[in-house]
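Undergrad: This structure is in C-alpha cells; I'll ask about it shortly.
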Amino acid sequence: MRKRLTLLTTILVLTMLLLSGCGGSSKSLEGAAAKAKLVLHENKNLQTVDVKTPGQKAPWLKNIKANAKKPYTLMVYMNGTDLESEGGCATNDLKEIIASGWDSDKVNVVLLTGGTKKWDNKVIRPKETMVYRVAKDGFYEDVKFSKASIASANTLSNFIAYALKAYPADQYSLVFWNHGGGPINGYGSDEMYKGDSLDLPGIYRGIKEGGVGKQQLSFVGFDACLMASVENAYLLKDFAHYLVASEESEPGLGWNYSWLKNLGDKPTQSGADIGKVIVDTFVSTCEKADMEATLSVINLDKINNLAQAFDNFGAASQNVLVKGNYNAIAKARSGSKSFGYTGKGEYNFDLVDIFHLAKQSEQIVPEQAKALQSAVKDAVVYSKSSKSVKNSYGIMTYLPYATKETAMPQAQFYNTLNILKPYASFLDLYAKKMNGKKIPRDAIANVKPTVNKQEVFIQLGKDQLADLDKARFVIWRQLEKNSDYFIQLGMSSDVKIGTDGKIDTKFDGYWATVAGEPICLYEVDKNEERTKYSAPVKFNGKPGYLIVVKDSKDKDGRILGFEPQGLKGGRIASKDLIKVKSGDKVVLQYFAELFLKDTNKAGGQAKAKWVDGKEVTLKDDKLKVKAVDNQLYLYGFWITDTMGNDYYTKFIEIRY
C-alpha cells in the first residue's frame, strides 16, 4: 500500500474564475457590427481636468455648458483592462454601439474609457482616461481626465457629474463595463493601476458624489460578472429604479448592444422594459455562441421588502446555528445553486442564489424561507438564463461553501458594508462554525476502497456519515515507470451515497483524451443538462484552463474555450474565454503527488508539484473517451465534510 506523504494537499490552484468569457477571437461580430467603422472627431482644444476632487465639488465643472436637453442620456463607464488589451472586447462592443443605428438625436451616449494598456482601434486614446460623446458618425472627444485610476470613486463621480451637467435629459442610466467580483470583491480591474478595483461602497460613493438624485437613474447595469447581488441592489436603491446584472460570470461576448436601437425608438420606456430587451439579446447571443449566461432585471423599489425578508431569514438561520444544528444549514448551502464556483481551488467566489438557498432551507426555517422566496419573486421582475443553467432566479448573496480559508476574513469585510446587519451577524457566526470541528482525519485516511469488477466503494461509519457533505471518486496514474509520483487525472461526482454509509461508483477503465493524451478534468458544475469541467493547460504558451462540457450533444466532451489565468489572485472574475481552433498548441498539465510505500524514504523530494504533459496540436474542439493505458493507477475517494474540510481515503493500486 502506498501512502501519501502529505495528509492533504490542495488539488487545484485555480487563481481564476473558471467561467466562459471573452478574449482573442471569442466575439465574432456579425452583420453591420462586423462592418462598423470607428471614426474619431478630434478635439484640438481638448481640456485636461483634475479629478482628485469628488465630482459635484470639482472646480472644473463650473465652466461646463449644458447641451440641448434630450429624452435620454446613457452613461457608459468602460474600463477596458485586459479584455481590451488582449482580446479587443471593448472595441467590439463599441462597434456594436455604432452599428445599432440608435437615434442619437434622442439618446445621448456618453462614454468614459480607460483602465487598459492599449486599445484595439485607432480612435480611443491609449493609456488615458477619456470622455467621449458617441454619435452615429463617430466619437467626439469631450474631455481628458488627469491620471487617476478608473477604479477610483472620484473618477466615477467626476464622470457622472460631467454627464449630468453637459447632457441633460428626461431619463438617465448608467452602465459599468468590465470584470466583476461580487459583493466582496466589487467591480473592475484597472490594468494601469496594478489591478485596482472599485468595491461596493466605492460605487455608492462615486454615484452619490456624482450628484445623482433620488432614483434619478432609470437603471444601473453591469456588463460584468457576478454583480446581481442583494448587497449591490441594496446600495443602489437610492439612485435607480432597476438593476440589470448577472448572478454568474458573464461570457466575454458581453451584452449585445443592438438594444440601443430599441432605446432610441422608445426613449420614454422604463428601465424594466429596456432591461428585458438587454436580457433577451444577451442570453440569445450567448446561446448561439455555445456559451452560458444569466441576466436579470431587479426592481430596486422592492429591495427594502426583500432586504427585510433576507434579514429575517438570516436571523432565523442564526438561531439554528446557536442551537447547534450547523450541519442542517451547511447541507442546505451545499445543495443550493452556486455562482463563481471553480471546483476545489485557491479562491472561489462562494456566491449563492437566494431563492434556491431559501428553497433548500424550507425544512429548517420554513416561515422565513417561504417569505424570502416570495420577496425574491416580487423584486426580480425578469430573469433569464441559458437552458443548461438551472436554479438561477436572478439575485444572489455571499455565503461561503467552497473556500473556508477566506470565510472569516470575508465575513468580517461583509460587516464593514454596514448593511443587512442580521444577515451579516448570521454570516459571521456561520463562518466561525465552518472553521470549527472536523471529522478526525485518521477516521477517513484509514478507510480503504474495495474493488469488485467495475465497482469501487468504501464504507463510512454513522458519525462520519452525519458530517459528510460530498464524496468524489479520484484516479491517479503513475507519472513514469518506477516513479513514486502519481499524476491526478481528475475527480468524478458520479458516486452514490447510501443511507448505510456505503459510497460507491463505477469505473470502466475509460478516460477523456485530447489528441490522444489523457486530460486532467476537475468538475466545476453539474446538472441534468450537462457537466462542466476545467482542465489546467498551457494554451499557445499561456497558462490557464480549458473549459470542457459533456452533454447529450457531446457525451465524450467538447472544449468551450481557453480561460487564461487572471486578475488579483482570481478575486475579480474574468470574462476571457478564447475559442479554440485547429492548429492551437496545448500542453496538458497535471497535479502530481508523492505516494511512498515507506514514508521515511522521501529524501529531498517535493511532496507535490505540477508537471507538464506532452504538447499536442488541436484538430478540433472534441474530446474522445478511450481505454486508459497499460500503467499503474491508484483509486480512492475525496471526502468533504460539512465544514469544508477535505480528506483522502486510502488508495489502492490497479494495473491495466
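Undergrad: For region 61-109, which positions are assigned to a loop (DSSP other than H, G, I, E, B), of a type in the set (A, V, I, L, M) and more than 21 Å from PRO267 (Cβ to Cβ)?
TA: Let us first name the residues in region 61-109 that are assigned to a loop (DSSP other than H, G, I, E, B), namely 64-69, 80, 88, 100-106.
Okay, now just the ones that are also of a type in the set (A, V, I, L, M), so 64, 66, 68.
The answer is ILE64, and nothing else.
Undergrad: Take GLY182 and tell me if it is of a type outside the set (Val, Ile, Thr) and open to solvent by less than 10 Å² (accessible area, probe 1.4 Å). Spell out how you get there, then give the answer.
TA: Values: of a type outside the set (Val, Ile, Thr): yes; open to solvent by less than 10 Å² (accessible area, probe 1.4 Å): yes.
Against the criterion (of a type outside the set (Val, Ile, Thr) and open to solvent by less than 10 Å² (accessible area, probe 1.4 Å)), GLY182 qualifies.
Undergrad: A follow-up question, please. Can you tell me which residue in region 98-133 is nearest to ASN158 (Cα to Cα), limited to those that are open to solvent by less than 10 Å² (accessible area, probe 1.4 Å) and touching a helix residue (DSSP H, G or I) at 6+ places or on another chain (Cβ under 6 Å)?
TA: So the residue we want is LEU112.
Conditions (1) touching a residue at least 40 places away in the same chain (Cβ under 8 Å); (2) in a loop (DSSP other than H, G, I, E, B); (3) open to solvent by less than 20 Å² (accessible area, probe 1.4 Å); (4) of a type in the set (Gly, Ala, Ser), marked per residue:
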| site | (1), (2), (3), (4) |
| --- | --- |
| ASP273 | no, no, no, no |
| VAL279 | yes, no, yes, no |
| PHE282 | no, no, yes, no |
| GLU292 | yes, yes, no, no |
| ILE303 | yes, no, yes, no |
| ALA307 | yes, no, yes, yes |
| PHE310 | yes, no, yes, no |
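Undergrad: Report, by residue number, each residue of region 252-270 that is of a type in the set (Gly, Ala, Ser), open to solvent by 20 Å² or more (accessible area, probe 1.4 Å) and more than 15 Å from ASP280 (Cβ to Cβ).
TA: Within region 252-270, just SER270 meets the criteria.
Undergrad: What are the pairs with Cβ atoms under 7 angstrom where one residue, in region 376-392, is β-branched (Val, Ile, Thr) and the other, located anywhere, is surrounded by fewer than 20 Cβ atoms within 10 Å (Cβ to Cβ) and in a loop (DSSP other than H, G, I, E, B)? Sequence gap at least six, or different chains.
TA: From residues that are β-branched (Val, Ile, Thr), there are no pairs.
Undergrad: Considering region 584-600 alone, what residues qualify as being open to solvent by 50 Å² or more (accessible area, probe 1.4 Å), touching a residue at least 24 places away in the same chain (Cβ under 8 Å) and outside any strand (DSSP E or B)? So that I can check it myself, show each step before the final result.
TA: Going residue by residue through region 584-600, those that are open to solvent by 50 Å² or more (accessible area, probe 1.4 Å) are 585, 597-600.
Subset that is touching a residue at least 24 places away in the same chain (Cβ under 8 Å): 585, 597, 599.
LYS597, THR599, listed by residue number.
Undergrad: Among the numbered conditions (1) buried (at least 17 other Cβ atoms within 10 Å of the Cβ); (2) in contact with a Pro (Cβ under 8 Å, 6 or more places away or on another chain); (3) more than 25 Å from THR285 (Cα to Cα); (4) not basic (Lys, Arg), tell me where GLY55 comes up short.
TA: Just one mismatch for GLY55, condition (2).
Undergrad: For the list (1) open to solvent by 60 Å² or more (accessible area, probe 1.4 Å); (2) within 25 Å of GLY181 (Cα to Cα); (3) modelled with pLDDT of 90 or more, I need the number of the one condition that GLU84 fails.
TA: It fails just one condition, (1).
Undergrad: Sticking with this structure for a sec: Do you know which residues across region 158-179 are within 25 Å of SER246 (Cα to Cα), surrounded by fewer than 24 Cβ atoms within 10 Å (Cβ to Cβ) and aliphatic (A, V, I, L, M)?
TA: The one that is within 25 Å of SER246 (Cα to Cα), surrounded by fewer than 24 Cβ atoms within 10 Å (Cβ to Cβ) and aliphatic (A, V, I, L, M): VAL175.
Undergrad: Show the residue pairs meeting these rules: Cβ distance below 7 Å; 6+ apart or different chains; first residue within region 17-46 and basic (Lys, Arg) and part of a loop (DSSP other than H, G, I, E, B); second residue open to solvent by less than 60 Å² (accessible area, probe 1.4 Å) and modelled with pLDDT of 70 or more.
TA: LYS27/CYS89; LYS27/ASN92; LYS27/GLY252; LYS27/LEU253
Undergrad: Look through GLY644, GLY603, GLY636, GLY613 and report the one residue that is modelled with pLDDT under 90 and open to solvent by less than 60 Å² (accessible area, probe 1.4 Å). Show your work before the answer.
TA: Details: GLY603 fails: open to solvent by less than 60 Å² (accessible area, probe 1.4 Å); GLY636 fails: modelled with pLDDT under 90; GLY613 fails: modelled with pLDDT under 90.
Checking each option against the conditions leaves just GLY644.
Undergrad: Given PHE349, PHE355, which one is in a helix (DSSP H, G or I) and either surrounded by 22 or more Cβ atoms within 10 Å (Cβ to Cβ) or not β-branched (Val, Ile, Thr) (or both)? Explain how you work it out, then say what you get.
TA: On the way: PHE349 fails: in a helix (DSSP H, G or I).
So the residue among PHE349, PHE355 that is in a helix (DSSP H, G or I) and either surrounded by 22 or more Cβ atoms within 10 Å (Cβ to Cβ) or not β-branched (Val, Ile, Thr) (or both) is PHE355.
Undergrad: While we're looking at this one, here's another question. Which of the residues that make up region 347-371 are among the small types (Gly, Ala, Ser) and under 22 Å from the mean Cα position of the chain (by Cα)? Walk me through it before giving the result.
TA: Start the filter on region 347-371 by keeping residues that are among the small types (Gly, Ala, Ser), which leaves 358, 361, 369, 371.
Across region 347-371, the qualifying residue is only ALA358.
Undergrad: Sort out which residues of region 604-656 are within 29 Å of GLN454 (Cβ to Cβ) and in a loop (DSSP other than H, G, I, E, B), and write them in order of number. If you could, list the steps in order and put the result at the bottom.
TA: Going residue by residue through region 604-656, those that are within 29 Å of GLN454 (Cβ to Cβ) are 611, 613-614, 616, 622-641, 646-656.
Scanning region 604-656 gives LEU623, VAL628, ASP629, ASN630, GLN631, THR649, LYS650, PHE651, TYR656.
Undergrad: Residue by residue through region 207-251, note down the ones that are aromatic (Phe, Trp, Tyr) and crowded, with 24+ Cβ neighbours inside 10 Å.
TA: We begin by selecting, within region 207-251, every residue aromatic (Phe, Trp, Tyr); these are 219, 222, 234, 239, 242.
Once the filter is applied, which keeps residues that are aromatic (Phe, Trp, Tyr) and crowded, with 24+ Cβ neighbours inside 10 Å, region 207-251 yields PHE219, PHE222, TYR242.
Undergrad: So in region 485-499, with the set limited to residues that are in a strand (DSSP E or B) and without any contact (Cβ under 8 Å) to a residue 40 or more places away in the chain, which one is surrounded by the most Cβ atoms within 10 Å (Cβ to Cβ)?
TA: Here is the first cut: in region 485-499, the residues in a strand (DSSP E or B) are 485-492, 496-497.
Okay, now just the ones that are also without any contact (Cβ under 8 Å) to a residue 40 or more places away in the chain, so 492, 496-497.
Details: SER492: 19, LYS496: 11, ILE497: 15.
Among those that are in a strand (DSSP E or B) and without any contact (Cβ under 8 Å) to a residue 40 or more places away in the chain, it is SER492.
Undergrad: Just the residues that are within 29 Å of the chain's Cα centre (by Cα) and crowded, with 24+ Cβ neighbours inside 10 Å, please, taken from region 137-157.
TA: If the condition is that a residue be within 29 Å of the chain's Cα centre (by Cα) and crowded, with 24+ Cβ neighbours inside 10 Å, then ILE150, ALA151, THR155, LEU156, SER157 are the ones that fit.
Undergrad: Output the number of residues of region 358-385 satisfying the condition of being surrounded by fewer than 16 Cβ atoms within 10 Å (Cβ to Cβ) and of a type in the set (Phe, Trp, Tyr).
TA: Number satisfying all stated conditions: 0.
Undergrad: Mind listing whichever residues of region 282-329 are closer than 21 Å to LEU427 by Cβ and basic (Lys, Arg)?
TA: Within region 282-329, LYS323 is the sole residue that qualifies.
Undergrad: Further, regarding this structure: Within region 511-552, count every residue that is touching a residue at least 40 places away in the same chain (Cβ under 8 Å), outside any strand (DSSP E or B) and open to solvent by 10 Å² or more (accessible area, probe 1.4 Å).
TA: 7
Undergrad: Let me ask something else. Is it the case that ALA148 is modelled with pLDDT of 95 or more, touching a helix residue (DSSP H, G or I) at 6+ places or on another chain (Cβ under 7 Å) and among the small types (Gly, Ala, Ser)? Show your work before the answer.
TA: Values: modelled with pLDDT of 95 or more: no; touching a helix residue (DSSP H, G or I) at 6+ places or on another chain (Cβ under 7 Å): yes; among the small types (Gly, Ala, Ser): yes.
The answer is no for ALA148.
The values are calculated or read from the model by the stated rules, or taken from the named source; none is laboratory data. A quick note: this is a predicted structure, and the numbers were derived from the prediction, not measured. Glycine gets a Cβ as well: all are built from the backbone with ideal geometry, and neighbour counts include every protein chain shown. The area values use the complete protein model at the heavy-atom level, side chains included, leaving out ligands, DNA and RNA. Shrake-Rupley method; radii C 1.70, N 1.55, O 1.52, S 1.80 Å.
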